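What follows is a short report on a single structure.
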Amino acid sequence: MRDSRGQLSLSTVEAGIGVLFILAVTMGFAMGVPSPNASEPQLNAYASDTATVLVNGRPRHQGATRLTEVLQSNRSFTREHAALRRRVDRILPDNLLFRVRTPYGTVGYRKPAGVTVGVATVATTRGKLTIWVWYA
Amino acid sequence: MRGQANLLSLAVALLVLTTVAGIGLHVADGAFASTDWTAAERRAAVSLSERLVSAGSPFTARANVLNRSRVSSLDPSGVRSQFPVVRDRSVRIRLGDRQVVSYGTPTGGTTIRRVVLLERRQRVQVTPPLAPPNYTTTLPRRTSRIRLTVDPPAGTSVTTVRANDRVVLRNTSGLDGTFDVRVSPMETVALSFDASGPLGRGDVTLTYYPELTTKTTLAVTVDA
C-alpha cells in the first residue's frame, strides 16, 4: 500500500457514497409518493350534480323538463342556449368554469390545457349531454 | 498509528450511515402512513355524499333534491345507522352555511361538496273562474296532487272531473265534497268539469302543492 497522502480514508468515501444513495431513495419517498389527485373526485361530483339538476329541471314552457325544451330542435337551441348557459352558471359555485356539449352545439368556456377537469355525461331523449367542470 | 485512524473513520462512517438510514426509513414510513389515511377518508366522504344525494336516499325527493323537513331530522345516530360507511369516523354535514350534523370532533379532514336543491312544498289555494262549456281551468304550476272541494249550486250536479282529458273523478249522481286527486308532476294540468247546470267562481275550490326549490351546497367532511 503506497502512502495515502491527500486521500480520504476509503471507509469514509464508502460511507459518503452510501449516504448519498440512501438520501436519494429518501428524497424519492419525501417528494415522489404520488398524492391522490384531491380535486378530481370533487370536480366529478360537481359535474354529475349539475347534470342531474339540469336533467330534472322544471320546464318553463310546455315540455316535460327544461332540458327537453332547450334540446327540442336546432332552432330552440339557438333561442335558448344563453338561458342554458345562465342556468349552468347559477347551478355551479362561483369558483368553477364549465363547458356543456349538447347534440346541437356547445355552451360555456373554452377548456384550458393541463388543468384537472371533472366530467359527467347524461343521456337525454335527444342524445348525449356532456359537462366539463374545472377550477377557475 | 495509521490502523487506529482507519478504525476511527470506519466507526464514524458506520454511525453516519446508520443515522441516515434511520431517518430515511422514518420519512418513508411517514409518507406511506399519510397517504393511506387521506385515501380512506376521501373514500368515506365521497361515498357518504354520494349516498346522501342519491335518489334512493331517505332524505331526497329525487336525485340531488333534498326534502327540507326530512333533512332537518338528520341526527348523528341516524347517519351512523343509515350510512355505515362512516363507521366511527368524525363526520360533519353542512347545508349551505347551516350545520346539520356534527359527530365527533372533525379537525381538517376531507370535505366533498355537492350541489343540491332544497325542496319544500307550498300550499296554494285557488278558486278558479269557470266558464261554459267545459269549465276548464289550468293550474299555473305543476303538482303531484290536488285537493278539490266541489260545492255545486242547488239544482246542478257535477258528474265528471277530467285532468288533461283523463277522467279522475266520476259519480253519475253528483260529486259533492272534498276529493284528493293524484296527477302527474311532469305535465301542466288542465282540469275540466262536466256539470248539468251552470258553474261559477267559488263552486270549485282547488288546493295544490307546487314545489319550491332553492339551490344550495351540501358539504360532507370526514375526519379519520
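The values are calculated or read from the model by the stated rules, or taken from the named source; none is laboratory data. None of these values were measured; they are calculated from a predicted model. Here the Cβ is made from the backbone with ideal geometry for all residues, glycine too, and neighbour counts use every protein chain on show.
Among the residues of this structure, B:THR111 does not count as one that is in a loop (DSSP other than H, G, I, E, B), within 14 Å of chain A (Cβ to nearest Cβ), of a type in the set (S, T, N, Q) and surrounded by 14 or more Cβ atoms within 10 Å (Cβ to Cβ). When A:ARG79, A:ARG87 are checked against the criterion of being within 14 Å of chain B (Cβ to nearest Cβ) and assigned to a helix (DSSP H, G or I), a single residue qualifies: A:ARG87. The residue that is nearest to the other protein chains (Cβ to nearest Cβ), counting only those in the stretch B:2-60 that are closer than 30 Å to A:MET31 by Cα and of a type in the set (Phe, Trp, Tyr), is B:PHE32. The single condition from (1) among the aliphatic types (A, V, I, L, M); (2) assigned to a loop (DSSP other than H, G, I, E, B); (3) surrounded by 14 or more Cβ atoms within 10 Å (Cβ to Cβ) that B:ALA55 fails is (3).
The strands (runs of 3 or more DSSP E) found entirely in the stretch B:156-195 that carry 1 or more residues being more than 14 Å from chain A (Cβ to nearest Cβ), loosely packed, with under 14 Cβ neighbours inside 10 Å and not charged (D, E, K, R) are B:166-175, B:177-182. Across the stretch B:35-75, the number of residues qualifying as at pLDDT 85 or above, under 20 Å from B:ARG120 (Cα atoms) and of a type in the set (Asp, Glu) comes to 0. Annotation note: of B:LEU218, B:LEU206, B:LEU148, the sole residue that is within 27 Å of B:VAL65 (Cα to Cα), surrounded by 15 or more Cβ atoms within 10 Å (Cβ to Cβ), modelled with pLDDT of 85 or more and more than 14 Å from chain A (Cβ to nearest Cβ) is B:LEU206.
Matching residues to (1) touching a residue at least 40 places away in the same chain (Cβ under 8 Å); (2) assigned by TED's automatic domain parsing to the domain that holds B:THR221; (3) loosely packed, with under 13 Cβ neighbours inside 10 Å:
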{"residue": "B:ALA11", "(1), (2), (3)": "no, yes, yes"}
{"residue": "B:GLY30", "(1), (2), (3)": "no, yes, no"}
{"residue": "B:PHE59", "(1), (2), (3)": "no, yes, no"}
{"residue": "B:VAL65", "(1), (2), (3)": "yes, yes, no"}
{"residue": "B:SER69", "(1), (2), (3)": "yes, yes, yes"}
{"residue": "B:SER90", "(1), (2), (3)": "yes, yes, no"}
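Exactly one residue out of B:PRO84, B:PRO76 is in contact with a Phe, Trp or Tyr (Cβ under 9 Å, 6 or more places away or on another chain) and surrounded by fewer than 19 Cβ atoms within 10 Å (Cβ to Cβ), and it is B:PRO76. Annotation note: of A:VAL100, A:VAL55, A:VAL70, the sole residue that is aliphatic (A, V, I, L, M) and touching a residue at least 60 places away in the same chain (Cβ under 8 Å) is A:VAL55.
Only one of the numbered conditions (1) exposed (fewer than 13 other Cβ atoms within 10 Å of the Cβ); (2) in contact with a Pro (Cβ under 6 Å, 6 or more places away or on another chain) is violated by A:THR65, and that is (1).
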